[in-house]
Amino acid sequence: MKKILILLLVLPLLLQAQSVKGTFLPAEDFSYAFLYEATPESANYVNRGQIDENGTFEIQLDSTLTPGIYKIVYATPPEENNFDFIYDGKEDVAFNFSHDKGLVFTASEENKLWSSYLKSIDMVNQTISNYFGKSNSDKKGFKAIFKTLKDTQTAYEELAEGKLVSRFIIANRPYIPEKHETISVYSEHLKAHYLSQVDFSDYLLQSSSYLTDRVTAYVFNMVSNPNNETYEAHIDDVAKAIGDNDSAIKISLLQMLWQNFVSLENNEVANYITDHYLLELAKETNNMVLEDMLISFKNTSIGVVASDFEITSDDKKTSLHQLEGTDNYLLIFWSSACGHCLNELPKVKKMVANKPNLQVVAFGLENNDSNWKREIKKYPEFIHQIGLGKWDNPLVKTYGVSSTPTYFLLDASKVIIAKPNSLEDLEVILKDL
């Protein structure tokens, strides 16, 4: 009787437990689904579920989990193979996912409503695009299209009232003109409105990918064929929209944009973000890692004059900037204790043997000079300088050296013209020199 009583007490709790479950297809492409709780600063691991031969998994959600944004990671690299979902603490969450069809939620009104809203708005936006694409001047048609847009937005806001998803739907409120507009006027107003509805201080939005997606779309997609001046203006708009009340989210979003331009090898705009926003924010928040990264990148960007340093040769002092007499300089950061360096330097020596207009400057990062003195005798054609302290040497931070050997190709004015990532890259660059 006692066992039956305990079971009757526990059973309601079991029935109330929520779960997240899904089906991944094709099943053989997936092994585990990892569940994380997303925050503005990070993603905290919660649990994992093994994906079976049918592609399905289920993770029971602990009653202590708070409502908010959660993330499923399904493959590596995790930053590219994940998606967010809303958990309200009340509903089960279920979905189907495939490479071809993407993500479809089958349970959870919060997530189904958001997906439905995005599809509905996208359909109306496609109608707007078709209208302007035909150079249409039909004012009745214009009014009808935007009435549909307004009605759609209003209906979803009413459906979302009291739900977490309402904050996303409100943040996504579209621009709705009050009277007929040409495409140029509409585009200007659309752009001015795009970030105005977004509450960048909202914890829920900060925890999701929404802000990243919104800001990225504004900077890169708001204008066709943008140039650097346009990008910089858009970055200014983003910084203004975020405001100064939350430095953490401002750093996060601007650093995301900085990284995008670094990946695009657009050093000019990346350094614009550094000079106008990020470096000052890093200093204000004592984020020394970010500060060092920004300074190192700026110091070593293509088109920047390489930072000067002292060179002592035969008891005579000179510097990198004072060197002259050749068209190019190959600056190598290496170490006599580095196996890769000892393997690559002889190959570099052969590569430059028939290039009289190229001078190698080898900067040795060393703990002491004993091995270094022995090794440099093998390369009498190089200009050598030792940097004691090895990884604590100031030039490591200045040049952003994270491994040895590291190569920089300079022109006669010591402007950085190439940063080969490997010996193979260096060989390709030197062939065209």
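The values are calculated or read from the model by the stated rules, or taken from the named source; none is laboratory data. The structure presented is a predicted model; accordingly, all values stated were derived computationally and were not measured. So basically every Cβ, Gly included, is an ideal-geometry build from the backbone, and we count neighbours across all protein chains shown. Remember, those area values only see protein heavy atoms, side chains included, never the ligands or the DNA or RNA. Shrake-Rupley method; radii C 1.70, N 1.55, O 1.52, S 1.80 Å.
Numbers below:
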item	result
Every residue from segment 368-402 that is of a type in the set (Ser, Thr, Tyr), touching a residue at least 12 places away in the same chain (Cβ under 8 Å) and either crowded, with 20+ Cβ neighbours inside 10 Å or under 30 Å from VAL289 (Cβ atoms) (or both)	THR398, TYR399
Unmet criterion (only one of (1) out of contact with any Lys or Arg (no Cβ under 6 Å at 6 or more places or on another chain); (2) of a type in the set (Asp, Glu); (3) closer than 23 Å to ARG173 by Cβ) for GLU79	(3)
Total residues in segment 404-433, condition touching a residue at least 24 places away in the same chain (Cβ under 8 Å), surrounded by fewer than 19 Cβ atoms within 10 Å (Cβ to Cβ) and among the hydroxyl-bearing types (Ser, Thr, Tyr)	1
Tabulated pairs, segment 84-112, first farther than 22 Å from ALA43 by Cα and aliphatic (A, V, I, L, M), second open to solvent by 60 Å² or more (accessible area, probe 1.4 Å) and outside any strand (DSSP E or B), C-beta under 8 angstrom, 6+ apart or interchain	ALA107/ASP92
Yes/no for ASN130 being within 27 Å of the chain's Cα centre (by Cα) and polar (S, T, N, Q)	no
Any hit, segment 355-367, residues being open to solvent by 40 Å² or more (accessible area, probe 1.4 Å) and either in a strand (DSSP E or B) or under 30 Å from MET293 (Cα atoms) (or both)	yes
Near pairs, Cβ below 6 angstrom, 6+ apart or cross-chain, from segment 51-65 (within 18 Å of LYS90 (Cβ to Cβ)) to any residue that is open to solvent by 50 Å² or more (accessible area, probe 1.4 Å)	GLU58/LYS21; ILE59/ASN47
Among the candidates VAL238, VAL198, VAL215, residue that is in a loop (DSSP other than H, G, I, E, B), of a type in the set (Val, Ile, Thr) and in contact (Cβ under 8 Å) with a residue 12 or more places away in the chain	VAL198
Some residue of segment 94-109 being of a type in the set (A, V, I, L, M, F, W, C) and more than 30 Å from LEU25 (Cβ to Cβ)	no
For GLU366: the one exception among (1) modelled with pLDDT of 95 or more; (2) within 31 Å of the chain's Cα centre (by Cα)	(2)
Criterion violated by TYR194 - all others in (1) surrounded by 14 or more Cβ atoms within 10 Å (Cβ to Cβ); (2) farther than 23 Å from PRO40 by Cβ satisfied	(2)
Residue match in segment 46-69 (condition: of a type in the set (Phe, Trp, Tyr), closer than 24 Å to GLN206 by Cβ and modelled with pLDDT of 95 or more)	no
Residue that is of a type in the set (Asp, Glu), open to solvent by 50 Å² or more (accessible area, probe 1.4 Å) and at pLDDT below 95, where the choices are GLU229, GLU178	GLU178
Matching residues in segment 241-263 - criterion: being assigned to a helix (DSSP H, G or I), open to solvent by 50 Å² or more (accessible area, probe 1.4 Å) and either under 15 Å from GLU284 (Cβ atoms) or hydroxyl-bearing (Ser, Thr, Tyr) (or both)	ALA248, SER252, GLN255, SER263
Given (1) under 30 Å from SER247 (Cβ atoms); (2) in contact (Cβ under 8 Å) with a residue 24 or more places away in the chain; (3) part of a loop (DSSP other than H, G, I, E, B), number of the condition ILE169 does not satisfy	(3)
Segment 187-213, residues that are of a type in the set (D, E, K, R) and over 15 Å from GLN255 (Cα atoms)	GLU188, LYS191, ASP199, ASP202
Listing of strands (runs of 3 or more DSSP E) fully contained in segment 266-337 that carry 3 or more residues being in contact (Cβ under 8 Å) with a residue 60 or more places away in the chain	310-313, 328-334
